[in-house]
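Inspection log for the structure reproduced underneath, given as C-alpha cells.
The values are calculated or read from the model by the stated rules, or taken from the named source; none is laboratory data. Just so it is clear, the model here is predicted, and its values are computed rather than measured. Virtual Cβ from ideal backbone geometry, glycine too; neighbours counted across all protein chains shown. In case anyone asks, the SASA skips ligands and DNA or RNA and just uses the protein heavy atoms, side chains included. Shrake-Rupley method; radii C 1.70, N 1.55, O 1.52, S 1.80 Å.
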Amino acid sequence: MKSKIMLCIAAGAAMLTASCTDLNTPVDSQYTKYPNSDVAISAQLTGIYNQFRGPLGRRFMEAMELSSDEMTAVSYSGNWVDASTYAHPSLHTFSYTDNTIGWMTDLGTGCVKANEIINSDANDSIKNLARAMRAYFTFVMMDGWGDVPIIDETYLAKNLPNADVKERQKRADVAKYLESELLDIIPTLPTATGSRVYGEPSRWMAEALLAKLYINWPVYTAASVDQYDASTATNEKLDDCIKICDDIINSKKFNLGSMAYRFKFAPNNTDLNVEDFIYAMPYDTQTAQGMQYGRANSYKDVKSMNPSYYGMKLSNSGGAYMTMTPEFASLFSLKGDERNNCVLRDTVHIYDPKTLLPTSVVAKDRAGNPLVLTKSITVVNGDMTTMDVGDNLTGWRQGNRPIKFFVIDSDFKNGRNQSNDVPIFRYADILLEKCEALVRKGTNGDEAKALFNQIRAYVHAPQIDHTPTLQEIYDERGREFFDENWRRNDMIRFGHFEDEYFPHYKSNASASFDKTKRIFPIHQDVLSVNPTWEQNPGY
C-alpha cells in the first residue's frame, strides 16, 4: 500500500466531508501501520459497525419508506412542511437539497474507517470484518444512487485498471465488485449468532447481503436505471441466490418463530435474543441513540392522551409526519394475521405494554372522544404539494399508523429516542428470497409453497394451497417487512415503483412517474466537494 494516500481517497473517494476539498493533500498524519493493540482495533471496528446508526434511525428510513407506497408524508398547516423535504419522496420529486438524502456522507465515512484497517498491518481476520462493512456501505450507496465509487484500490488495479478510486463507477461494475468481495471473505467470517453479536458482520450477514444482491441482479446490472423492465428481465443469478439462501437455512442457526412477531421489534428486543435477526443495528435511548421511528409515526397529539395508546402517558409529542398510504394499509387484512395488530386503524384501543396487544379499552383524544384513525387521507383544499391535512383533531387522525416498533416513555422522554434494535437482514427475508427465486425459475413449486407457508404459519395467517405467484410474494413481503426499509427495493424489482398510490397519482400534477426516479439525486453537499461528478439523470 502507498505510504501516502490522497486525503479524499482515504476519505471515501472524495465524497464526503465539506473540509475535503484538496484532492492532492497527502495524509502524513494517518496511520500507515495500524496500532497493534486489541483495544485500538476493537474501538475502530466498533466505530465502523455503528457508522450508519444515525441515518438508519431516521433519515435513511424516511427516504426508503416515503418514496415507497408504504408511507406518505403529511403536514399540519405549516408544521413539518420543511421545504417539502418529506413530500418530495412521496411524490418522487426529490430535490438535491433534501435532508432525507444526505446520508451518502455517512456511508462514505464508513468506507474510510474500514479502509484504515484494511490498509493497515492488522491480521486478515480483522481486515475481513472491515471489508464486510465496506461492502455493506457500498451496497447501500449503489442501491440508492446507482453509479458510486468502488473505494478499493486493490480491486480497481486488478479489474478496472483505468478506473479512479475518486470517481463513480457503473452500477453493474459495482455489483460485480460486491459479488467478488463477498465471495472472497465469506468463508473467513465468524459464525456466532445472537443479540450479543448481531450488530457485527458475520458469515451470515455477508451471505444475506449477497442474497439481496443476487435477487436484485437484473436491476443493478441494467444498462441504466430506467431501462430495467420487471416484465422482461431475466436473472442469471437465481441459482446462486438459492445456494446462498440454502447455506443460511441449512446452518440451523436461525429461527423464524421462536417468539411472536410483535416481540421481535419490542423496546427490549436486545434482551430477547431474536433468532430471526441475522444482522441488526442495536439502539439504546441512553448510550446508542438515533432510533426515532416512533417520532415519525406516532399520532401527533399523543402527548395529550392519558394514557396514550401505548398504555402509558408519554412525555413527548409525536411528529406524525409519516402515515400509511391507504393502498398499503389494505394489505393488513388476512384473517388471524397477528401482523394486523402492528397497525393502528379505525377505533384505536390502548395497548398493554407487556403483551404488546390491544386491550378492550378505547383510546381517547384530547376532547375525550374515541380516537379514530381513517384509512383515507384528505388534504386541505386538495393541495397535494405539501400534503397539508390541517393542524387539528380532524387532520391528526388522517391515515393508519404503524405501532410495530413499540414506544415506551422511559425511552421516548430522552429526545424521542428508542431502544428498539432495528433489523437489517432477517431469516424471514432469506426464506422469501429463496421462494421468489424458485418462482422466478419456474421450478420446485411445492418447495416455494412450503417456504411461503412458513411465513404464514408463524404469524397465524391463512396458508396457501398452490405455488405462490410473484404478486403474492410481493404482497407478503409488504406485510412481513413493513417499516424495515425494504419496500422501495422490492417495488423496483417487482415493477411497481411507478404504480399509483397516495399521493403518487397520475391525476396529481405534482407527482412524477419518470423511471429515473428509481435512484436518488446526488446531494448538493456531495457535489460541492466532487466537481467532476455529474448529477443523476432526471434531476
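If you filter region 372-404 down to residues that are under 13 Å from S298 (Cα atoms) and either in contact with a Cys (Cβ under 7 Å, 6 or more places away or on another chain) or not in a strand (DSSP E or B) (or both), you find that the one that is most open to solvent (accessible area, probe 1.4 Å) is R397. K127: farther than 26 Å from I522 by Cβ, part of a helix (DSSP H, G or I), open to solvent by 10 Å² or more (accessible area, probe 1.4 Å) and of a type in the set (K, R), yes or no? Judged against the criteria, K127 is a match. Surrounded by fewer than 20 Cβ atoms within 10 Å (Cβ to Cβ), touching a Leu at 6+ places or on another chain (Cβ under 7 Å) and touching a residue at least 12 places away in the same chain (Cβ under 8 Å): is that true of K166 in this structure? In short, yes.
Do we find that V197 is under 28 Å from F405 (Cβ atoms), surrounded by fewer than 16 Cβ atoms within 10 Å (Cβ to Cβ) and of a type outside the set (S, T, Y) in this structure? Taking the combined requirement at face value, the residue satisfies it.
Contact map, region 86-113: residues that are under 12 Å from S512 (Cβ atoms) paired with residues that are open to solvent by less than 40 Å² (accessible area, probe 1.4 Å) and basic (K, R), Cβ distance under 6 Å, separation 6+ or inter-chain. Pairs shown: H92/K517. The condition of being without any contact (Cβ under 8 Å) to a residue 24 or more places away in the chain, within 25 Å of the chain's Cα centre (by Cα) and open to solvent by 10 Å² or more (accessible area, probe 1.4 Å) holds for only one of D152, D173, that being D173. Residue pairs whose Cβ atoms lie under 7 Å apart, sitting 6 or more positions apart in sequence or on different chains, and linking a residue in region 193-206 that is on the phi > 0 side of the Ramachandran plot to a partner that is part of a loop (DSSP other than H, G, I, E, B) and open to solvent by 20 Å² or more (accessible area, probe 1.4 Å), are G194/N273.
The residue list I244, I215 contains one member that is buried (at least 21 other Cβ atoms within 10 Å of the Cβ) and either touching a Cys at 6+ places or on another chain (Cβ under 9 Å) or among the acidic types (D, E) (or both), which is I215. For M133, the conditions (1) open to solvent by less than 10 Å² (accessible area, probe 1.4 Å); (2) under 28 Å from K515 (Cβ atoms); (3) not polar (S, T, N, Q) all hold with the exception of (2).
Within the option set M259, M312, M291, being free of Cβ contacts under 8 Å to residues at least 24 places away in the same chain, part of a loop (DSSP other than H, G, I, E, B) and of a type in the set (A, V, I, L, M, F, W, C) holds for one residue only, M259. Of the residues that make up region 15-30, is at least one open to solvent by 20 Å² or more (accessible area, probe 1.4 Å) and modelled with pLDDT of 50 or more? The answer is no, given that none of the residues of region 15-30 is open to solvent by 20 Å² or more (accessible area, probe 1.4 Å) and modelled with pLDDT of 50 or more. Would you mention how many residues in region 412-425 are farther than 11 Å from A266 by Cβ and open to solvent by less than 30 Å² (accessible area, probe 1.4 Å)? Count: 6. Look at region 325-349: where a residue is of a type in the set (S, T, N, Q) and a partner is open to solvent by 20 Å² or more (accessible area, probe 1.4 Å) and part of a strand (DSSP E or B), sitting 6+ places away or on another chain with Cβ atoms under 7 Å, you get N341/L357; N341/P358; T347/V362; T347/P370; T347/V372.
Restricting attention to region 328-361 and to residues that are surrounded by fewer than 17 Cβ atoms within 10 Å (Cβ to Cβ) and acidic (D, E), the residue that is nearest to M305 (Cα to Cα) turns out to be D352.
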